[in-house]
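The values are calculated or read from the model by the stated rules, or taken from the named source; none is laboratory data. All figures in this text were calculated on a predicted structure; none of them were measured in a lab. Cβ placement follows ideal geometry from the backbone for every residue including glycine, while neighbour counts extend to all protein chains displayed. For accessibility, only protein heavy atoms count, side chains too; no ligands or nucleic acids. Shrake-Rupley method; radii C 1.70, N 1.55, O 1.52, S 1.80 Å.
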Amino acid sequence: MNNDYGLTESVIREVFDEYITNEMPMRLLYITEDRGRISFRLVGRTFVNEHFGLVPNEIYKKFHDTVLVDREESIRAEVKERLKYAILSHRWLPKEPLYHDVLKEPMEVLADLKSGWEKLQGFCRKAMDHGCELAWSDTCCIDKTSSAELDESIRSMFRWYRNSHMCIALLSETAGLDALQSQAYERPAKVDPWFLRGWTLQELLAPTQIKFYGKNWQPFVSLRTSNDRFNQHIMHPISKITHIPLKDLESFSPGTNRVPEKMLWASRRRTTRIEDIAYCLIGIFDVSLMIAYGEGNRAFFRLMEEILKRYDKWDVFLWSGRCSRYNAALPDAPHCYPMGYSETHVTCREDAVNEEQRNNAQNDVGDRLFTLTNHGLQIKVFLLKVELAYTEDITENSRYLTFGEVARCKVPMVKHIGAKRKDDTRWAIGILDHWVHPKGAKGFVDRYRQEPFTGFLLSYDKHAPDARWKKEMTEEIIKIRSSSYEERPLTQLYL
């Protein structure tokens with residue numbers, strides 16, 4: 001433990017300045033109330049620094065004769081508590097007040113304005129109810145004509161929501177708690193559009209404190225409970241609607257783990273700009289991505305590139321449907337990932353109770369050294385060459401393929417998507433989640449796996465200028481069961 005009795009106000013001031021510059025939004029609404037009438041004005045970080053200028057001295061008085069185990073973290077936590085701001089999570093309306101609409105200082109929020117302004121009025125009132133004189137809304141607190149400001153805002157947004165004192169979530173088409181629960185448990189159910197927008201995913205997961213409001217700004221539960229994060233009556237139905245586990249709703253840690261599961265959370269969500277389906281996941285996966293509107297679907301490919309740099313599990317390839325235009329081994333969008341998948345929990349060998357658990361404890365599952373190269377995805381698979389027995393055309397760009405059994409592995413009928421291949425095309429299944437022999441050169445499959453093995457459908461056109469195995473698109477993920485133990489050298493592919 002360090003003795004921090006030498007703490008100076010200048011040290012506190014430095015942490016204070018850094019927090020405002022790096023951890024708070026660039027612009028905020030400063031809210032005041034006079035005889036029931038709410039006004040606000042748009043302010044920047046300089047205003048925040050000056051308005052709270054006495055805070056460093058107040059913190060110094062609190063800590064100057066105290067021994068702090070982690071000095072900077074203790075000061076930062078105190079700064080955050082004193083520089084409270086509320087943040088809005090909502091679905092955009094057609095007429096929202098934008099940055100250029102709120103530049104007049106100060107601006108009174110009137111009750112008889114249009115719906116977007118009424119929402120802003122309600123938000124400002126709720127912010128003050130939660131003890132915040134500062135507030136942030138993505139509608140009017142970003143100058144979207146500045147590419148630099150927009151870039152910083154998008155890349156910082158997860159952090160801004162996490163650092164907020166209170167996230168005020170408005171589900172404007174949900175009457176109340178009963179209606180929320182109906183959306184979760186009744187079929188067919190129409191869910192609130194808030195659950196279908198891309199950006200609201202991180203707005204749900206990032207804040208440490210969140211309060212839910214429904215139609216006409218009615219709270220889902222009593223205001224006596226300021227934080228709904230741990231309210232089971234709210235979080236259970238939200239978990240059912242979003243497929244997000246309760247533990248993640250209560251405390252979410254961003255990172256490049258559990259990729260298929262997190263992609264599933266985003267799979268039903270849509271964004272107005274196609275690039276935003278990637279940008280809204282930057283904070284979820286904790287990766288850095290340059291913002292470049294106009295690039296289209298390339299944004300999601302770049303997101304996958306960043307994830308693959310830090311993720312080494314085969315299940316990142318557990319997808320079906322349309323592939324990326326930029327690499328056939330990567331999906332086109334989050335909705336390509338399946339529902340119901342969860343990572344296999346690996347027990348130590350001493351605790352293993354069956355052959356599958358012993359195999360998982362002793363051996364890697366799938367190639368963990370895959371990488372994107374200028375020749376495509378370099379990956380080792382357990383290759384099963386198969387004979388095409390029958391083709392049934394459905395449309396010009398889809399057909400059912402039936403294969404014969406190979407190596408005591410039964411291959412299911414596959415719905416192939418894309419152009420029809422030549423009659424002399426060779427076919428194979430590249431099993432991804434094979435067990436890797438401890439020496440690394442060979443892989444094996446056996447009948448003890450409870451869940452089927454997963455594979456890519458591969459084709460080989462010997463007439464192509466770059467003749468090699470290529471991944472084909474399939475409507476469903478290919479699942480294969482083995483009826484016996486089969487071991488063979490792994491095949492390295494460039495997909």
Exercise. Where a ≥ b ≥ c are the square roots of the eigenvalues of the C-alpha gyration tensor, would you call the range 359-495 rounded, which needs a/c under 1.5, or, failing that, prolate if a/b is larger than b/c, or oblate?
Worked result: oblate
Exercise. TRP117 accessible area, nearest 10 Å², 1.4 Å probe?
Worked result: 50 Å²
For this session: For an R0 of 30 angstrom, estimate the FRET efficiency from the Cβ-Cβ distance between ALA184 and SER115 and round to the nearest 0.05.
Result: 0.65
For this session: Would you please classify the overall shape of the chain from the alpha carbon gyration tensor, given that a ≥ b ≥ c denote the square roots of the eigenvalues, rounded means a/c under 1.5, and beyond that prolate means a/b larger than b/c while oblate covers the rest?
Result: prolate
Problem set entry | DSSP-assigned coil residues among GluC sites (Glu not before Pro) in the range 281-339, each with at most 15 further Cβ atoms within 10 Å | GLU295
Exercise. For a paramagnetic label modelled at 7 Å from the Cα of TRP92 toward its Cβ, which residues of the range 277-295 fall within the zone defined by backbone nitrogen distances under 20 Å?
Worked result: 277-284, 290-295
Exercise. What aspartates and glutamates could a cross-link reach from LYS442, if we take a straight Cα to Cα line under 19 Å and drop same-chain neighbours fewer than 8 places away?
Worked result: ASP312, GLU355, GLU356, ASP364, ASP367, ASP433, GLU486, GLU487
Exercise. If you roll a 1.4 Å probe over the chain with all protein chains in place, what percent of the accessible area is carbon or sulfur?
Worked result: 48 percent
Seminar exercise, completed: Note: the range 206-361 at 37 °C, 0.692 mPa s; Kirkwood Rh on alpha carbon pairs; Stokes-Einstein D in µm²/s works out to 184 µm²/s
Exercise. Of LYS144/LYS471; LYS190/LYS313; LYS61/LYS144; LYS80/LYS104; LYS309/LYS420; LYS61/LYS211, which sit over 30 Å apart, Cα to Cα?
Worked result: LYS144/LYS471; LYS190/LYS313; LYS61/LYS144; LYS309/LYS420; LYS61/LYS211
Exercise. Any idea of the accessible area per residue across the chain, 1.4 Å probe, to the nearest Å²?
Worked result: 48 Å²
For this session: Can you tell me the 0 to 90 degree angle between the C-alpha axis of helix 115-129 and the longest principal axis of the chain, rounded to 10?
Result: 70 degrees
Problem set entry | Rounded to 10°, Cα long-axis angle of helix 232-242 versus longest principal axis of the chain | 40 degrees
Seminar exercise, completed: Of the range 456-495, those with amide N under 13 Å from the point 7 Å along the Cα→Cβ vector of HIS375 are 466-469, 492-495
Seminar exercise, completed: Filtering trypsin sites (Lys or Arg not before Pro) in the range 5-62 by DSSP loop and by at most 13 other Cβ atoms within 10 Å leaves ARG35
For this session: On the full set of protein chains, 1.4 Å probe, figure out the accessible area of GLU72 and give it in Å² to the nearest 10.
Result: 90 Å²
Seminar exercise, completed: Taking 0.36 nm per residue of separation between ALA361 and ASN397 and subtracting their Cα-Cα distance, the length gained on full extension comes to 8.7 nm
Exercise. Of all trypsin sites (Lys or Arg not before Pro) in the range 428-489, which ones are in loop regions per DSSP and have a Cβ with at most 15 other Cβ atoms within 10 Å?
Worked result: LYS439, ARG447, LYS462, ARG468
Exercise. What is the distance, in nm, between label points placed 7 Å from the Cα along the Cα-to-Cβ direction at VAL221 and at LYS410?
Worked result: 4.8 nm
For this session: Please report the relative contact order for the range 338-495, taking Cα pairs under 8 Å with a sequence separation of at least 6, and give it as a percent rounded to a whole number.
Result: 25 percent
Exercise. What shape does the range 94-250 take by its C-alpha gyration tensor, where a ≥ b ≥ c are the square roots of the eigenvalues and a/c under 1.5 counts as rounded, a/b above b/c as prolate, and the rest as oblate?
Worked result: prolate
For this session: Would you compute, from DSSP H runs of 4+ residues alone, the mean residue ellipticity of the chain at 222 nm, taking -39500 (n - 2.57) per run and dividing by the full residue count, rounded to the nearest 500?
Result: -8500 deg cm²/dmol
For this session: Any chance you could give the angle, 0 to 90 degrees and rounded to 10, that helix 147-163 forms with the longest Cα principal axis of the chain?
Result: 80 degrees
Problem set entry | Relative contact order (%) - the chain, alpha-carbon pairs under 8 angstrom, separation at least six | 10 percent
Problem set entry | Stretchable slack from ASP424 to GLU387, in nm (0.36 nm times residue separation minus alpha-carbon distance) | 12.3 nm
